[in-house]
Amino acid sequence: GFGATLALDVAVAVVQFTALDAGRRHLDIKSSAALGFMASALSTACTEPVDVVRTRIMAQLRRGDGAKGKGTDFNYTSLADGLRKAAAEEGLVALYRGLLPRLLLKSVGGAIWYSTYVSCRAALGAPVAAHK
C-alpha cells in the first residue's frame, strides 16, 4: 500500500502543479477557482487507474487471512502488476471505476484550495502571476 500511495501522490502532484503553473501565466486572480477545478479534474482523471489499483491493493486479502479474512483476492503483487492484471482481465474501463465521485470531490476541493491560496498570496502582497 505505501508504494502505491506514494506513486499516486507524486503523479497527482506532477500533473496538478504542471497544469496550475501553465494556467496561472494566463489567468487573473478571479479565474483561480476555475483553474484549480480544471487542474484537479485533469490530475484526477489521469491518475484514476493508479488510485483504483492502490485501493485494491490495500483492500485485498493478505496471505494468512484465509477464508476468515474480508476482502477480495485480486492477487496483485505490485502497482504495475495490478495495472496489468486489471486491464487484461477486466478491460481498461475497470481502471476508471469510481471516477465520478473522486472527480467531483477532488475538483471542488481543488477550486476551493487554489482560489484560497491565490487570495492569500494577493493579500500578503505576493505576485499572483509572476510569468505573464
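The values are calculated or read from the model by the stated rules, or taken from the named source; none is laboratory data. Every value quoted in this text rests on a predicted model; they were computed, and no experiment measured them. Because the Cβ atoms are built from the backbone with ideal geometry, glycine has one as well, and the counts that use them run over all protein chains shown. When the accessible area is computed, the model is the full protein with side chains, heavy atoms only, and any ligands, DNA or RNA have been set aside. Shrake-Rupley method; radii C 1.70, N 1.55, O 1.52, S 1.80 Å.
Here's the yes/no breakdown for (1) at pLDDT 95 or above; (2) open to solvent by 50 Å² or more (accessible area, probe 1.4 Å); (3) of a type outside the set (A, V, I, L, M):
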{"residue": "Ala19", "(1), (2), (3)": "no, no, no"}
{"residue": "Asp28", "(1), (2), (3)": "no, yes, yes"}
{"residue": "Gly36", "(1), (2), (3)": "no, no, yes"}
{"residue": "Pro49", "(1), (2), (3)": "yes, no, yes"}
{"residue": "Ile57", "(1), (2), (3)": "no, no, no"}
{"residue": "Arg63", "(1), (2), (3)": "no, yes, yes"}
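Residues in region 75-97 that are touching a residue at least 24 places away in the same chain (Cβ under 8 Å) and over 11 Å from Pro49 (Cβ atoms): Ser78 only. Residues in region 94-132 that are modelled with pLDDT of 95 or more and surrounded by fewer than 13 Cβ atoms within 10 Å (Cβ to Cβ): Leu100, Pro101, Leu104, Leu105. Taking the numbered list (1) small (Gly, Ala, Ser); (2) within 26 Å of Ala122 (Cβ to Cβ); (3) modelled with pLDDT of 90 or more in turn, Ala45 passes all entries but (2).
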